[in-house]
Amino acid sequence: MNLIIDQIPERGRQIVLDTTTEWAMAAVSDTLGVLAESLSGKLQISSKAGRVSVSGELNTSATCECERCGESFRLALPVEVELLFDPAPSGAPVEEEEEVDEEELDIGWYQGNSLNLADVVTEAVALALPIRLECPDTEECDKRTAKLLAEKGRSGDSSHPGFAALSKLR
Ligand SMILES: [Zn+2]
């Protein structure tokens, strides 16, 4: 969804997102790498002298696979949105790697006169994601992970029923 900067009223504009907001659900799903199951929240957008500020809080959930033990779990992710956007410098398209002043590191750019809100949601969700997606139940996850490691590392381990059955076949 493209937001026309000139059309943002002085008091700002509020955009309500929910599970039926297709472009936002698509942006969240793309970022999570799995289909988002729910989305709710509001974005407050205001513009002052060309600088656009987007703030708000979103909540989204999805079924993810634990990166340690592989078990599926339900991820409930609160997404804090606090982003600023300036008009991209005119001329050549801006390279991500281009050097910027340190204080401007957190400021994104918009091209032309519009801000793509799907990109904003993508960025906010990416920032909110934990470094690793892991089961919320760490104790159970540890057990499953230990079991996986045991199966992988010591294939001769007869304490596992599966391996006991295998050794009988030999
Ligand atoms: Zn796990």
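The values are calculated or read from the model by the stated rules, or taken from the named source; none is laboratory data. All values derive from a computational prediction rather than experimental measurement. Here Cβ is always computed from backbone atoms with ideal geometry, including for glycine, and neighbour counts include all displayed protein chains.
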Elements of type strands (runs of 3 or more DSSP E) in segment 1-62, at least 1 residues being among the β-branched types (Val, Ile, Thr) and either touching a helix residue (DSSP H, G or I) at 6+ places or on another chain (Cβ under 6 Å) or more than 14 Å from Leu115 (Cα to Cα) (or both):
13-18
Enumerate the pairs (first residue in segment 34-55 and free of Cβ contacts under 8 Å to residues at least 40 places away in the same chain and acidic (Asp, Glu); second residue anywhere and surrounded by fewer than 16 Cβ atoms within 10 Å (Cβ to Cβ) and assigned to a loop (DSSP other than H, G, I, E, B)) with beta-carbon separation below 8 Å, excluding pairs fewer than 6 apart on the same chain, so at least 6 apart or on different chains.
Glu37/Thr19
With the requirement that a residue be buried (at least 19 other Cβ atoms within 10 Å of the Cβ) and either closer than 30 Å to Pro9 by Cα or modelled with pLDDT under 95 (or both), what does segment 42-63 give you?
Leu43, Ile45, Ser47, Val52, Val54, Gly56, Leu58, Thr60
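So that you can scan it fast, the table gives a plain yes or no per residue for (1) at pLDDT 95 or above; (2) in the same structural domain as Ala26 (by TED's automatic domain parsing); (3) out of contact with any His (no Cβ under 9 Å at 6 or more places or on another chain):
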residue: Val94; (1), (2), (3): no, yes, yes
residue: Val100; (1), (2), (3): no, yes, yes
residue: Arg132; (1), (2), (3): no, yes, yes
residue: Cys141; (1), (2), (3): yes, no, yes
residue: Gly153; (1), (2), (3): no, no, yes
residue: Ser158; (1), (2), (3): no, no, yes
By residue number, the members of segment 106-140 that are closer than 27 Å to Val52 by Cα, among the hydroxyl-bearing types (Ser, Thr, Tyr) and assigned to a helix (DSSP H, G or I) are Thr122
